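Following: one structure in structure tokens, then a few remarks.
Throughout, read-outs are computed from the coordinates displayed, never taken from laboratory work. Since the model is a prediction, treat every value here as computed from it, not as a measurement. Cβ atoms come from the backbone with ideal geometry, glycine included; neighbour counts cover every protein chain shown.
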Amino acid sequence: MPTLPAQPEQFPEEIWGIEDPRITYVPELAQYAVVYTAYARGGACVALALTEDFHHFKRLGAIMQPEDKDAALLPRRIHGRWALVHRPVSGATAHMWMSYSDDLRNWGGHRLMLEARLGGWWDADRVGLTCPLIETPEGWLAIYHGVKRNAAGAIYRLGLALFDLDAPERCLLRGDPWVMSPDAPYERHGDVDNVIFPCGSTLAADGDTLRLYYGAADTCIALATGSVRSLIEWLERNGTRPATPSW
């Protein structure tokens, strides 16, 4: 039985199902915030539910209208307001945005935080958050997916970016190469070829060992492990400070 099934009778934005939950524990609320994509006739939108035990959920409903997805809540307030990463679609390309709220229901203060790059980049067509941002002493670490389309179809790869702790819409470093690409047969061939798509991660008790859970070719779930410290060091070697986004 699904942990969080769609409830289109009470929440019509879920009539065609829900997917891609990102889970953040919020100490202030002593609850987990589950931010997920809900589908209806108008397209994909961002919805939010709260839970203490993953048996009982309080749905807040849609918090971002279509077309929007790839969203996660930060675990603490930023200057007194909640902060949400999400990915609205506004044409052929799609970028990552940060929005703020006083009550988790009404969102504003929208800021563009990471753009899909122009040209032949591996993340030229669209970018989106994977697992929730990881707080480190250097900043908020984002593992994001980038999409590149060519004659054979789309390829989903993973990249890294680092954002300011006190202004998480401000990108400090962005890696130029990707850090992970479809390579294994189960990542390259399946229902949707050449896709690696994480939604969740955990940190081990040492505070450094990262376990990244991802969908492979939309067919199976896989696990990759790494070190947060190593990812930060890689980003410092291979990252550049992007220009201030314009929109």
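Observations on the structure shown:
- Whole-Hz ³J(HN,Hα) from phi, Karplus 6.51 cos²θ - 1.76 cosθ + 1.60, for segment 186-195, glycine and proline x: 6, 8, 8, 9, x, 4, 10, 5, 6, 10
- Rounded, prolate or oblate (a/c below 1.5 giving rounded, otherwise prolate when a/b exceeds b/c) for segment 187-247 by Cα gyration tensor: oblate
- For the chain, the relative contact order comes to 11 percent (Cα pairs under 8 Å, sequence separation of at least 6).
- Kirkwood Rh in Å, taken over segment 106-147 so that all alpha-carbon pairs contribute: 12.0 Å
- Prolate/oblate/rounded call for the chain, Cα gyration tensor, a/c under 1.5 rounded: rounded
- By the count of neighbouring beta-carbon atoms within 10 Å, fewest first, Val195, Val35 end up ordered Val195, Val35.
- Charge dipole of the chain about the Cα centre (unit charges at C-beta), most positive-ward option of Leu84, Leu210, Leu114: Leu114
- Remark: spin-label model distance Val192-Trp16 equals 1.3 nm, labels positioned 7 Å along the Cα→Cβ axis.
- Derived value for segment 117-242: Kirkwood hydrodynamic radius 14.9 Å. Basis is the mean of 1/r over every pair of different alpha-carbon atoms.
- Segment 13-114, relative contact order [Cα under 8 Å, separation at least 6], %: 19 percent
- With only the Cα atoms considered, segment 156-200 has a convex hull volume of 90 Å³ per residue.
- On a per residue basis, the convex hull of the C-alpha atoms belonging to segment 8-97 measures out at 95 Å³.
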